[in-house]
1. For the stretch 111-262, evaluate the Debye formula with one uniform point scatterer on each Cα (no solvent term) and list log10 I(q)/I(0) at q = 0.17, 0.18 Å⁻¹, rounded to two decimals.
2. Can you give the charge dipole size of the stretch 198-254 about its Cα centre, rounded to the nearest 20 debye, using +1 on the beta carbon of Lys and Arg and -1 on the beta carbon of Asp and Glu?
3. Using alpha carbons only, how many angstrom separate the centre of the stretch 150-184 from the centre of the stretch 225-303?
4. Given charges of +1 on the Cβ of Lys and Arg and -1 on the Cβ of Asp and Glu, with all other atoms neutral, how large is the dipole of the stretch 176-334 about its Cα centre, in debye to the nearest 20?
5. In sequence order, what are the phi-derived ³J(HN,Hα) couplings for the stretch 278-291 according to the Karplus relation 6.51 cos²θ - 1.76 cosθ + 1.60 with θ = phi - 60°, rounded to whole Hz, with x for glycine and proline?
6. Considering the options N186, T199, A211, tell which one lies farthest towards the positive end of the dipole of the stretch 171-214, charges being +1 on Lys and Arg and -1 on Asp and Glu at the Cβ, about the Cα centre.
7. Expressed as a whole percentage, what fraction of the accessible surface of the chain belongs to carbon and sulfur atoms when a 1.4 Å probe is rolled over the protein heavy atoms?
8. Show me, for the stretch 249-259, the HN-Hα J-couplings you get by feeding each phi into the Karplus relation (A = 6.51, B = -1.76, C = 1.60, θ = phi - 60°), rounded to Hz, glycine and proline as x.
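The values are calculated or read from the model by the stated rules, or taken from the named source; none is laboratory data. Not measured: the values here are computed from a predicted model. Here the Cβ positions follow ideal geometry from the backbone for every residue, glycine too, while neighbour counts run over all protein chains shown. Note: areas computed on protein heavy atoms with side chains; ligands, DNA, RNA excluded. Shrake-Rupley method; radii C 1.70, N 1.55, O 1.52, S 1.80 Å.
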Amino acid sequence: MSFLSRRRAAGRRRKDTATPPSSSAPPLLPGIETSPGRPPLLTVSPAEPASDWAAGQRDALRAVVAEHGAVLVRGLGLRDAAEVGAVFRGLTDTLMVEKEAFAPRPTYGEGVYSSTAWPSNQPMCMHHELSYTQEFPGLMLFACLEAPGRGGATGVADAEAVLAALPPELTKRFERDGWLLTRSYNDEIGASVAEAFGTDDRTVVEAYCRAHAIEFAWRPDGSLHTRQRRAAVLRHPVTGRRCWFNQIAFLNEWTMDAEVREYLVDMYGAEGLPFNTRYGDGDPIGADVVETLNAIYEAHTVREPWRSGDLLLVDNIRSAHSREPYEGPREVLVGLADPVRPTGRGTRDCDSKDEVSFT
């Protein structure tokens, strides 16, 4: 499908959602509240179970996400993992099994995870989930079962706007060379080999790496070191517009808390950090570049404090997401949905060859 026909098809779908409902169609969603600094907000009070409501409003909700990049649904009163799983399944075609996780997270059922284990006093800066893999979620689902007493919002940033705001010389280099993720697996920091690949069998891990364009090496101490080069910019499969799509800043050493970085370098050496990012040609990325990326992300971030029972849908290509530091208990469940497989990931001509398709 051409770029123009994709846009026309998307426009037709958005127009269709505005027609009056027939007797067999689900009722239309109430008005979406939009305001500066906040994600689009839909407040509901359904009389039916949350899973039935979500399944009935699936097309309308996804049309809102296609238009805005994200939507926060308030009023569903989600209470437990079983209910969240039913809502997730009603909204998606496929819930993915996570592979190549950078940090461990418990599983609450098929395709339903906890949020990533990350120190509550440290932010998780903007990123696109699993953007370093060859198959990543097109849709992210977040469900809040317990809101923290302070902080902990899941921020959202428009990837088109971020790309437009970046210095042209920076984007030109990343579009030409892509970005490189290096990982050193151990059993103390980040995900272990077994947690990332679902097994610690070397033969299986090596086969996975070969099939997914990941360079690998086993070190003398038995640890695994990997390198994978990916595109930094993708075209959205519906709009055809270019989106800044990566985890360059989030997984870079200069985003780490200074004390944490110094400790890890002392413990494992500069080349043994659990994860780090570089330019696609292997050159290091300076702290100034990471600061620029994070500052532009912050300038384009919208956020709304969680309330228990909230549901957030995020287009994982169109929108990056983050997590603020927080105080008190926080329980947010996550679904990775509707896998996307771009062709040509890791090639030098990154932007022109990274056409995206839903699988």
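1. For the stretch 111-262 at q = 0.17, 0.18 Å⁻¹, log10 I(q)/I(0) is -1.28, -1.38.
2. Values: 9 positive and 6 negative charges, 106 e Å.
With only Lys, Arg, Asp and Glu charged at Cβ, the dipole is about 500 debye.
3. Here the answer is 8 Å between Cα centres.
4. Numbers: 18 positive and 26 negative charges, 207 e Å.
The dipole magnitude comes to about 1000 debye.
5. For the stretch 278-291, the Karplus-derived couplings read 9, 4, x, 8, x, 5, x, 9, x, 4, 5, 5, 5, 4 Hz, x marking Gly and Pro.
6. With unit charges placed on the Cβ atoms, the residue in question is A211.
7. Values: 8080 of 15890 Å².
The C+S portion of the solvent-accessible surface of the chain is 51 percent.
8. Karplus values, whole Hz, x for Gly and Pro: 6, 4, 9, 8, 4, 7, 7, 5, 4, 4, 5.
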